[in-house]
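The values are calculated or read from the model by the stated rules, or taken from the named source; none is laboratory data. Keep in mind it's a predicted model, so treat the numbers as computed, not measured. Cβ placement follows ideal geometry from the backbone for every residue including glycine, while neighbour counts extend to all protein chains displayed. Heads up: the accessible areas ignore ligands, DNA and RNA and are worked out on the full protein's heavy atoms, side chains in. Shrake-Rupley method; radii C 1.70, N 1.55, O 1.52, S 1.80 Å.
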Amino acid sequence: VRTSQALAFTAGWIVVAVALLSPLDLVAAERFSAHMVQHELLMAVAAPLLVVGRPLAVWTWAFSQSARVRIAELVRHPAVRTPWTLLTLPFTAWLLHAIAVWLWHAPALFHAALRSPAVHTLQHFSFLGSALLFWWIALTPGLNAVRPASLFYLFTTMLHTGLLAALL
């Protein structure tokens, strides 16, 4: 892991903390704009930083050598490999992120998230998780044989989230 990757990884977690543990979280309960800043910090700032920080490599090194060998064997098992491959297909990652963004901004779910801390946590988890998958397909070198496809998914995400912002 390079120093730049470690710094990106650390910065990503700092942004998550700012979004969820700082006074911004208190203001987000009162102001729509602060709530949207939280969402953007999670999806557009923290997630790409975490992906650039190579989280799987960083987390793997937290384990002993013998544990890393067992983890590698587990990751290669079809029961893990197949779902991961499906989740990280560019269209799948793009679609899951789009669904999360649009679904959680539907009035009923949005208001449920404002009323219930548990639902709000689930909302933030789904935003960060789907954004991690999305940025994984856009920023992981060599993952996609055709890199211009990443630009297509970035562009279409910009279009549909811009439309959502205009509607909000």
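The table below lists the values:
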{"quantity": "From Ser130, Ser116, Ser150, residue being farther than 30 Å from Phe32 by Cα and open to solvent by less than 40 Å² (accessible area, probe 1.4 Å)", "calculated": "Ser150"}
{"quantity": "Residues of the stretch 6-51 satisfying the condition of being crowded, with 16+ Cβ neighbours inside 10 Å and either of a type in the set (Phe, Trp, Tyr) or at pLDDT below 90 (or both)", "calculated": "Phe9, Asp25, Ala28, His35"}
{"quantity": "Unique match (being out of contact with any Ser or Thr (no Cβ under 7 Å at 6 or more places or on another chain), on the phi > 0 side of the Ramachandran plot and not aromatic (Phe, Trp, Tyr)) among Arg70, Arg54, Arg81", "calculated": "Arg54"}
{"quantity": "Criterion (of a type in the set (A, V, I, L, M, F, W, C), more than 22 Å from Val45 (Cβ to Cβ) and in contact (Cβ under 8 Å) with a residue 12 or more places away in the chain) met by exactly one of Ala149, Ala100", "calculated": "Ala149"}
{"quantity": "Every residue from the stretch 69-114 that is of a type in the set (Ser, Thr, Tyr) and part of a helix (DSSP H, G or I)", "calculated": "Thr82, Thr85, Thr92"}
{"quantity": "Pairs, first farther than 10 Å from Ala46 by Cβ in the stretch 3-27, second small (Gly, Ala, Ser) and surrounded by fewer than 14 Cβ atoms within 10 Å (Cβ to Cβ), C-beta under 9 Å, six or more apart", "calculated": "Gln5/Ala57; Val27/Ser33"}
{"quantity": "Qualifying position, being surrounded by fewer than 17 Cβ atoms within 10 Å (Cβ to Cβ), at pLDDT 90 or above and of a type in the set (Ser, Thr, Tyr), among Thr88, Thr121", "calculated": "Thr121"}
{"quantity": "For Ala106: the one exception among (1) at pLDDT 95 or above; (2) surrounded by fewer than 12 Cβ atoms within 10 Å (Cβ to Cβ); (3) among the hydrophobic types (A, V, I, L, M, F, W, C)", "calculated": "(1)"}
{"quantity": "Considering residues of the stretch 1-23 that are in a helix (DSSP H, G or I) and in contact with a helix residue (DSSP H, G or I) (Cβ under 6 Å, 6 or more places away or on another chain) only, the residue nearest to Pro55 (Cα to Cα)", "calculated": "Phe9"}
{"quantity": "Residue match in the stretch 81-95 (condition: without any contact (Cβ under 8 Å) to a residue 40 or more places away in the chain and in contact with a Gly (Cβ under 9 Å, 6 or more places away or on another chain))", "calculated": "no"}
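Quick grid of which residues meet (1) loosely packed, with under 12 Cβ neighbours inside 10 Å; (2) closer than 30 Å to Leu164 by Cα:
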position: Pro55; (1), (2): no, yes
position: Arg68; (1), (2): no, no
position: Val75; (1), (2): no, no
position: Thr82; (1), (2): yes, no
